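So the structure is just underneath, and the comments pick up after that.
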Amino acid sequence: MDSLPSRPTSRRGPLAVVRFLGLVLFGALIGAVSALAAAAFVGAVLALNDLLLISPRSRMMFDRPGLLLAATVAVPAFGGLLVGLLHRAIPEQRPHAPADVIAAVQTRRGRLPARTGGLSALSALISLGSGASVGQYGPLVHLGASLGSLGARLLRLGRSDDNITIACGVAAAIATAFNAPLAGIVFAHEVVLRHYALRAFAPVAAAALVGYVIATSVLDQGALFHVADTAVPRPWEFAAFLVIGGLGAFVAGAYMHAILSITRLAGTLPLAPPLRPALAGALLGLTALWVPDILGMGQETLRFATLAGAFGSAELLLVLALKIAATGLCLGMGFSGGVFSPALVIGTLFGALCGSMIGQFSGAPQETFVFYAVCGMVAVTSPVIGAPLTSLLIVFELTGSYALTTAALASVTLASPIAAQLFGRSLFDIQLEGRGLDLSAGRGRAVLRATAVTEYLTHDCVTLHPRSPVADAVTALSRARHGEGYLVDDRGRYRGCVSLADLEAARESTMRPACVGEVATLARPVLQPATSLWDAMAALQEVTGEALPVVDTAAEGAFQGVVYEASIARAFLAQSDELRREEHGSG
């Protein structure tokens, strides 16, 4: 009887436990640093808002109306100019955002550069401080992720550990910003890692807990909003919450398409890139002279929208439409910031509008008004960030109300699936798809599409000059024990592929060709140096042979070498096994 295969022990034992505990402690350290950085960032934004007359409180207390009107237009415009100039120092000429964090983790190909992370955070600080209609949570997520990636580089950790430390920074940033450690943990797993390996859970949880402790105890930071004791909704109102969820998916789609459409439009404008956010700031300021609620993150607007009677239905509809347009304008034209905060405001306004209209038509009392506002909030936010569980946990941790969370669950039940089918899993995934990274088929495909075939390129092949005698070519292939030869001319250009069988047949033919170039070449697909491993695997379905040639068409068809079919198959199995180990907690 065959013995059972022995269990691998290289990843188990006392040393593995020590390494794991070290990773947990390091995750807690990253959580502390990220939480302090997040708190400092938020404090700096609030200070700038007060100084530059962006916050409602500073605007009410300022007693020079003429100067206030001028500042309302000039501050966002000048802030946009500074942001545009700052982006010239970033290689991609744009700020990095959560989508870049997701790409770095899902492809396992890149780490987050600290310099770009710092410049992106500074750009977001200027944008938010000058009143741009953008969010703070996206920059906080990227800032925390950049700190986690920096820590991994300093300790020279591997890619799997790097992904975990990035998630630690993300979880701490969310936990600090929302006073919601559970939401931070789930967001890091749901949006960034996209798996729930036990090996990643403990460090991420430690980071979120440290962030929460720093936010509540050390910094004494208050919650985003407070909800008093609420009444229990009537049974028929849960049907209304479901409808709000379905309609909220379309509001989320309109919000995402506003950002994407204006981004495409900005690229066609005859303006230098640094001037685009300046123009957006000026337009935002002019609109804010009429409706100042669209300035900045809109946290005051969000708080008032949860109160029955604070806004009329017409006001809610106006601010809702203008907030979508203002955020699309700012982000599309180049301001730096997140989409999370505006989505919270837009969703709360939408839910409040639904609650107000239902109250008017049904004559029902407004004691459950806050349920509609919160349901609208999660119905819009969940599809935008692609995190329904995180949205529900934020509601529960901010309000402590099980009834509110249950009502929000009813809205998320329809909002996320409908939006995913019509628009995409999240705005981040849509943005990444536009950059050539499609995550809809899972992480394995994303890793393979991000791996270039040049990593498996070899020169261990037989190259033949087209004018070489057929007999010499047969001898060369036989000695090298290869069944195929690759025709390369004097200038190093690829001219085709011939098989040993065809050369031998040509040598024995009565109409013997004079040289290799006269032998019929094989119909063989050609790979480019930038071809991904995934596309190479697709090309293998069309060929029977031992290797695929790699040719640089940009260099006049220069022959680079070959990639063997066996190498592609081994690479696929190795990548799949590595992902499987990581996602099951053993990598």
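The values are calculated or read from the model by the stated rules, or taken from the named source; none is laboratory data. From a predicted model like this one, the values you see are computed outputs, not experimental measurements. All Cβ positions, glycine included, derive from the backbone under ideal geometry; neighbour counts span all protein chains shown. Note: accessible area is taken over every heavy atom of the protein model, side chains too, but ligands, DNA and RNA are not part of it. Shrake-Rupley method; radii C 1.70, N 1.55, O 1.52, S 1.80 Å.
Yes or no, residue by residue, for (1) more than 21 Å from Ala387 (Cβ to Cβ); (2) buried (at least 22 other Cβ atoms within 10 Å of the Cβ); (3) over 20 Å from the mean Cα position of the chain (by Cα); (4) of a type outside the set (Lys, Arg):
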{"position": "Gly131", "(1), (2), (3), (4)": "yes, yes, yes, yes"}
{"position": "Gly144", "(1), (2), (3), (4)": "no, yes, no, yes"}
{"position": "Ile164", "(1), (2), (3), (4)": "no, yes, no, yes"}
{"position": "Ala167", "(1), (2), (3), (4)": "no, yes, no, yes"}
{"position": "Ala180", "(1), (2), (3), (4)": "no, yes, yes, yes"}
{"position": "Glu190", "(1), (2), (3), (4)": "no, no, no, yes"}
{"position": "Leu193", "(1), (2), (3), (4)": "no, yes, no, yes"}
{"position": "Ala207", "(1), (2), (3), (4)": "no, yes, yes, yes"}
Condition check for Cys354: open to solvent by less than 50 Å² (accessible area, probe 1.4 Å), farther than 20 Å from Gly138 by Cα and outside the structural domain of Gln93 (by TED's automatic domain parsing): yes
Condition test on Met537, is it at pLDDT below 80, outside any strand (DSSP E or B), surrounded by fewer than 20 Cβ atoms within 10 Å (Cβ to Cβ) and aliphatic (A, V, I, L, M)? no
Mind counting the residues in segment 299-322 that are under 22 Å from Val134 (Cα atoms), part of a helix (DSSP H, G or I) and either of a type in the set (Phe, Trp, Tyr) or open to solvent by less than 60 Å² (accessible area, probe 1.4 Å) (or both)? 10
Is one or more of the residues making up segment 85-96 acidic (Asp, Glu) and either open to solvent by less than 30 Å² (accessible area, probe 1.4 Å) or more than 23 Å from Cys330 (Cβ to Cβ) (or both)? no
So if I check each of Leu448, Leu432, which one is in contact (Cβ under 8 Å) with a residue 12 or more places away in the chain and out of contact with any Phe, Trp or Tyr (no Cβ under 7 Å at 6 or more places or on another chain)? Leu432
Filter pass, Gln575 being open to solvent by 20 Å² or more (accessible area, probe 1.4 Å), touching a Ser or Thr at 6+ places or on another chain (Cβ under 8 Å) and closer than 30 Å to Glu190 by Cα: yes
Scan segment 550-573 for residues that are of a type outside the set (Val, Ile, Thr), on the phi < 0 side of the Ramachandran plot and not in a strand (DSSP E or B) and report the count. 10
Select from segment 491-519 the residues that are under 23 Å from His459 (Cα atoms) and open to solvent by 70 Å² or more (accessible area, probe 1.4 Å) and list them in ascending order. Arg491, Arg495
If we keep just the residues of segment 215-261 that are open to solvent by 60 Å² or more (accessible area, probe 1.4 Å) and within 28 Å of Arg425 (Cβ to Cβ), which is modelled with the lowest pLDDT? Phe238
For Leu286: the one exception among (1) open to solvent by less than 10 Å² (accessible area, probe 1.4 Å); (2) part of a helix (DSSP H, G or I): (1)
Please work out which one of (1) over 21 Å from the mean Cα position of the chain (by Cα); (2) farther than 26 Å from Cys375 by Cβ; (3) at pLDDT 90 or above is the condition Leu198 fails and give its number. (3)
Give me the pairs: first residue in segment 481-505 and assigned by TED's automatic domain parsing to the domain that holds Val543, second residue open to solvent by 20 Å² or more (accessible area, probe 1.4 Å) and of a type in the set (Phe, Trp, Tyr), beta-carbon distance under 8 Å, and six or more apart or on different chains, which are they? Tyr486/Tyr494; Tyr486/Phe559; Leu487/Tyr494; Val488/Tyr494; Val488/Phe559; Gly492/Phe559; Arg493/Phe559; Tyr494/Phe559
Output the residues belonging to segment 178-204 that are β-branched (Val, Ile, Thr), touching a residue at least 40 places away in the same chain (Cβ under 8 Å) and out of contact with any Leu (no Cβ under 7 Å at 6 or more places or on another chain). Val191, Val192, Val204
Is it the case that segment 517-538 has a residue that's touching a Pro at 6+ places or on another chain (Cβ under 6 Å) and in contact (Cβ under 8 Å) with a residue 40 or more places away in the chain? yes
Quick check: is even one residue across segment 4-15 modelled with pLDDT under 95, outside any loop (DSSP other than H, G, I, E, B) and on the phi < 0 side of the Ramachandran plot? yes
